[in-house]
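**Q** First the structure, then my questions, so here it is.
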Amino acid sequence: MARSILDCAKWLNDNHAWNLLLYPRVIANYNLYQKEIVEKPEIMRSHPPGVEIELTNKCNLACTHCLRSLGLKPYEQGTLDMDGFKKLLDQFPYVMHLSLNGFGEPLLAPILWDAVEYAHRVRPWCKILIYSNGMHLTEDNIRKALKSRLTELNVSLDGGSVDIYKKVRRGGNLDLISENIKLFLKLRQESGKRFPRLGLNYVMVNDNEGDLPAFIQLAADLGVDYINCVTYATYDWGFRNSRTLDNYRNELAEAKELLDRTGLDGRYFQEWNSEWLKKDRKFGCNFFWGEEFRVSFSGYVTLGCCAPFPETYSYGNLFEQSFSEIWNCDKIRLNRRRANEGQTANSVCEACDKYAREFFDRTTDDTNEVKI
């Protein structure tokens, strides 16, 4: 859908991106991408506007919905160095949304703040963000964040009460993180800066059933800028939701009422999609056309959060091949062709689609209606 001038102005202001207007080639690539994401050609001419580059896949927590707890797949652990980061980022001259994340804790990456500085210097129009568990959001890191050109700092909690948080995010300390967040907001106010914006994340998983309203209240009490809520998750590496549809309905309804009451900005707060309930639904996913483009610390282009490990699935390595070679290689073109035909594009997508269908089939009522 085309954006109005007011919508575009708000987006530019919210993302500290007015200087994007000085780079017509970046805008031209984005406009072409918007056209191609609808047309879904087998060969893409545009670059993905959003890129995730993993600085490290090491982490200090053991969340119940993470493969570190499930131990289902072997994977190589490691950390990207600055030379490697530069080589990767330099292949994306039109990136507008850069996430310095992956399957690890970015505040554990020694190059984090140097990477933010370099990214801003060579892509000054770019929105730069991280997702953190908040345990290492120390005063030193807060002051570095405020001096940097980081646009967003998102803290993942997946719980609003201490007991639920401890159950889901094993090894974390909600009271410590809350104090870290308070200090961040205090120091940001004292600095007179608007950025980085600070948000809290919540994924509805089995172990935090019923805790979303408490999370929203905590976010409102802390005074963060926004929250993100992912309402459904299923991953190739083993996590499966086991909630019921009524459970989701009721919790989301209560949460949305609380959002309205507190005035908190609930971003990415997804509605139920009735398409999942249709028995004749065909496979559909925009990933293969650049809706998400993820690069591991070792340079592999993977299937995003669905399968973040090259050991499971990869299109190639950006340290060994150029972006253009990978972006329209035979493997991804075959995936695009299959997706356009309504077929699951590969075995990983087949598992995701299968489990998603089973979840909705299992939890829907006879009327096939989903309302909140």
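**Q** Considering (1) surrounded by 21 or more Cβ atoms within 10 Å (Cβ to Cβ); (2) part of a helix (DSSP H, G or I), say which one GLY134 fails and leave the rest.
**A** (2)
**Q** Run ALA28 past the list (1) in a helix (DSSP H, G or I); (2) touching a residue at least 60 places away in the same chain (Cβ under 8 Å); (3) not β-branched (Val, Ile, Thr) and report the number of the one that doesn't hold.
**A** Of everything listed in (1) in a helix (DSSP H, G or I); (2) touching a residue at least 60 places away in the same chain (Cβ under 8 Å); (3) not β-branched (Val, Ile, Thr), ALA28 misses just condition (2).
**Q** Before we move on, is LEU108 crowded, with 16+ Cβ neighbours inside 10 Å and either among the hydroxyl-bearing types (Ser, Thr, Tyr) or over 30 Å from GLU251 (Cβ atoms) (or both)?
**A** On the way: crowded, with 16+ Cβ neighbours inside 10 Å: yes; either among the hydroxyl-bearing types (Ser, Thr, Tyr) or over 30 Å from GLU251 (Cβ atoms) (or both): yes.
It is true that LEU108 is crowded, with 16+ Cβ neighbours inside 10 Å and either among the hydroxyl-bearing types (Ser, Thr, Tyr) or over 30 Å from GLU251 (Cβ atoms) (or both).
**Q** Quick test for you: out of SER46, SER99, pick the one residue that is polar (S, T, N, Q), buried (at least 17 other Cβ atoms within 10 Å of the Cβ) and under 19 Å from the mean Cα position of the chain (by Cα). I'd like the intermediate steps shown before the answer.
**A** On the way: SER46 fails: under 19 Å from the mean Cα position of the chain (by Cα).
Just one listed residue meets the conditions, SER99.
**Q** Out of the helices (runs of 4 or more DSSP H) lying entirely within region 39-128, which hold 2 or more residues that are at pLDDT 95 or above?
**A** Result: 82-89, 112-122.
**Q** So VAL230 passes all but one of these: (1) touching a residue at least 60 places away in the same chain (Cβ under 8 Å); (2) touching a strand residue (DSSP E or B) at 6+ places or on another chain (Cβ under 6 Å); (3) of a type outside the set (Gly, Ala, Ser); (4) open to solvent by 40 Å² or more (accessible area, probe 1.4 Å). Which condition number does it fail?
**A** (1)
**Q** Which is modelled with pLDDT of 90 or more and buried (at least 16 other Cβ atoms within 10 Å of the Cβ), of TRP289, TRP237, TRP276? Quick ask: steps written out before the conclusion?
**A** Numbers: TRP237 fails: modelled with pLDDT of 90 or more; TRP276 fails: modelled with pLDDT of 90 or more.
Going through TRP289, TRP237, TRP276 in turn, just one is modelled with pLDDT of 90 or more and buried (at least 16 other Cβ atoms within 10 Å of the Cβ): TRP289.
**Q** Next question, about the same structure. Just need a number here: residues in region 292-309 that are surrounded by 19 or more Cβ atoms within 10 Å (Cβ to Cβ) and closer than 14 Å to ASN346 by Cβ.
**A** 5
**Q** Can you confirm whether ALA145 is under 22 Å from PHE269 (Cα atoms), at pLDDT 95 or above, assigned to a helix (DSSP H, G or I) and not aromatic (Phe, Trp, Tyr)?
**A** Details: under 22 Å from PHE269 (Cα atoms): no; at pLDDT 95 or above: yes; assigned to a helix (DSSP H, G or I): yes; not aromatic (Phe, Trp, Tyr): yes.
For ALA145, the condition - under 22 Å from PHE269 (Cα atoms), at pLDDT 95 or above, assigned to a helix (DSSP H, G or I) and not aromatic (Phe, Trp, Tyr) - is not met.
**Q** Right, here's the next one. When region 142-196 is examined, which residues are found to be within 23 Å of THR64 (Cα to Cα), touching a helix residue (DSSP H, G or I) at 6+ places or on another chain (Cβ under 6 Å), open to solvent by 20 Å² or more (accessible area, probe 1.4 Å) and touching a residue at least 40 places away in the same chain (Cβ under 8 Å)?
**A** SER161, ILE164, LYS167
**Q** For residues that are part of a loop (DSSP other than H, G, I, E, B) and open to solvent by 80 Å² or more (accessible area, probe 1.4 Å), scanning just region 333-369, find the one that is modelled with the highest pLDDT. Show your work before the answer.
**A** Taking region 333-369 first, the residues part of a loop (DSSP other than H, G, I, E, B) are 341-346, 364-369.
Restricting the remaining residues to those that are open to solvent by 80 Å² or more (accessible area, probe 1.4 Å) gives 341, 343, 366-367, 369.
Working: GLU341: 94, GLN343: 91, ASP366: 42, THR367: 42, GLU369: 41.
Result: GLU341.
**Q** Out of region 202-221, which residues are among the β-branched types (Val, Ile, Thr) and not in a helix (DSSP H, G or I)? Reasoning before the result, please.
**A** Kept after step one, since they are among the β-branched types (Val, Ile, Thr), are these residues of region 202-221: 203, 205, 216.
The answer is VAL203, VAL205.
The values are calculated or read from the model by the stated rules, or taken from the named source; none is laboratory data. All values derive from a computational prediction rather than experimental measurement. Reconstructed Cβ throughout: ideal geometry from the backbone, glycine too, with neighbour counts over all protein chains shown. Surface areas here come from the heavy atoms of the whole protein model, side chains and all, with no ligands, DNA or RNA. Shrake-Rupley method; radii C 1.70, N 1.55, O 1.52, S 1.80 Å.
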